[in-house]
Amino acid sequence: MSDRLIYQYPNLTSGILLKRYKRFLADIELETGETITAHCANPGKMLGLAEPGYQVMVSRSDNPKRKLAYSLELVRVEDNEPTWVGVNTSLPNKIVKLALEAKAIPELSDYPEIKPEVVYGRDRKSRVDFLLSGNPDKPPIYLEVKNVTWADGKIARFPDTVTTRGQKHLQELVDTIADLGARSVNLFFINRSDCDTFGPGDAADPKYGKLLRETMAQGLEILPCRFQIDPDGIRYLGLAKLSL
């Protein structure tokens, strides 16, 4: 386990969430008093995270081609204790790649080659997030990353809505074990530090939960990875307990 800084945020600005709408937009009153519309890079329901009045953190881009200069990065919640939650879904894969390169996740540290977005699946129409290879003594790993922000008490759950795409990924991962003799790993990126346990979101998508248990019985490996999220950056805390 490592608690060193894996990712450092750019300078963030504090604000108060006024409303989230059309999934990808959020109106926010900055600490300066200015009201802005930020891009919300999160297509999920963001259960318990999109309440008006919550403290948030936003980043600002100087890219003139962007329609919206600000991006919603963090939301402050008090479900279990005051906790920052990462809500920018474009970040987890980037953080995982940095963690892999830093050998910060012991279960995945024995592979010198890390290839992102590799074509796989029986129909060759899908891409796995990472292919880890280059160790002559171990089979390659097909690694899929899922972002987790929903807290049910101290249990982080995925998904928070029906995900046919996620169901498809589970089947493709377990097919890879049978077809190629590879290892397949589903890494659940727990984007908040107040949960010490991970479990499937059966209430949101019972089919996904059933399929997750079935594919685990067929050899799919689960890594529920806990991360400490703060305005200065992101640290890896180790694995959460599993509750199936």
Would you check if there is a residue in the range 201-223 being more than 17 Å from the chain's Cα centre (by Cα), more than 22 Å from residue 74 (Cα to Cα), of a type in the set (A, V, I, L, M, F, W, C) and loosely packed, with under 14 Cβ neighbours inside 10 Å? yes
Residues to consider are 202, 230; find the one that is under 17 Å from residue 154 (Cβ atoms) and either in the same structural domain as residue 175 (by the TED database) or of a type outside the set (Gly, Ala, Ser) (or both). 202
Quick one: residue 88 ticks every box in (1) closer than 23 Å to residue 40 by Cα; (2) in contact (Cβ under 8 Å) with a residue 60 or more places away in the chain bar one, so which box is it? (2)
Let me confirm something: among 176, 197, 163, which residue is touching a residue at least 12 places away in the same chain (Cβ under 8 Å), polar (S, T, N, Q), surrounded by 19 or more Cβ atoms within 10 Å (Cβ to Cβ) and over 22 Å from residue 94 (Cβ atoms)? 176
Pick out the one residue from 73, 113, 78, 101 that is in the same structural domain as residue 52 (by the TED database), touching a strand residue (DSSP E or B) at 6+ places or on another chain (Cβ under 8 Å) and of a type outside the set (Lys, Arg). 73
Which pairs turn up if I take residues in the range 20-39 that are in the same structural domain as residue 50 (by the TED database) and look for partners that are surrounded by 14 or more Cβ atoms within 10 Å (Cβ to Cβ) and among the basic types (Lys, Arg) with beta carbon separation below 6 Å, at least 6 apart in sequence or on another chain? 26/20
Six or more apart or on different chains, Cβ atoms under 6 Å: show the pairs whose first residue is in the range 118-143 and within 16 Å of residue 168 (Cβ to Cβ) and whose second is part of a loop (DSSP other than H, G, I, E, B) and at pLDDT 95 or above. 142/182
Considering only the range 1-34, state which residues are more than 18 Å from residue 228 (Cα to Cα) and in contact with a Lys or Arg (Cβ under 6 Å, 6 or more places away or on another chain). 26, 27
If I filter the range 19-62 down to residues being of a type in the set (Ser, Thr, Tyr) and closer than 19 Å to residue 9 by Cα, which single residue comes out as modelled with the lowest pLDDT? 61
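Listed here are the residues, each with its yes/no results for (1) over 30 Å from residue 134 (Cβ atoms); (2) out of contact with any Phe, Trp or Tyr (no Cβ under 9 Å at 6 or more places or on another chain); (3) at pLDDT 95 or above.
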{"site": "185", "(1), (2), (3)": "no, no, yes"}
{"site": "196", "(1), (2), (3)": "yes, yes, yes"}
{"site": "202", "(1), (2), (3)": "yes, no, yes"}
{"site": "213", "(1), (2), (3)": "yes, yes, yes"}
{"site": "218", "(1), (2), (3)": "no, yes, yes"}
{"site": "228", "(1), (2), (3)": "no, no, yes"}
{"site": "233", "(1), (2), (3)": "no, no, yes"}
{"site": "236", "(1), (2), (3)": "no, no, yes"}
Would you please name the residue that is farthest from the chain's Cα centre (by Cα), looking only at residues in the range 112-160 that are surrounded by 17 or more Cβ atoms within 10 Å (Cβ to Cβ), charged (D, E, K, R) and part of a strand (DSSP E or B)? 152
Tell me which strands (runs of 3 or more DSSP E) are completely within the range 1-94 and hold 2 or more residues being under 16 Å from the mean Cα position of the chain (by Cα), surrounded by fewer than 19 Cβ atoms within 10 Å (Cβ to Cβ) and of a type in the set (Ser, Thr, Tyr), or say none if there are none. none
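The values are calculated or read from the model by the stated rules, or taken from the named source; none is laboratory data. Being a predicted model, the structure only gives us computed values, none of them experimental. Cβ sites come from the backbone with ideal geometry, for glycine too, and all protein chains shown count toward neighbours.
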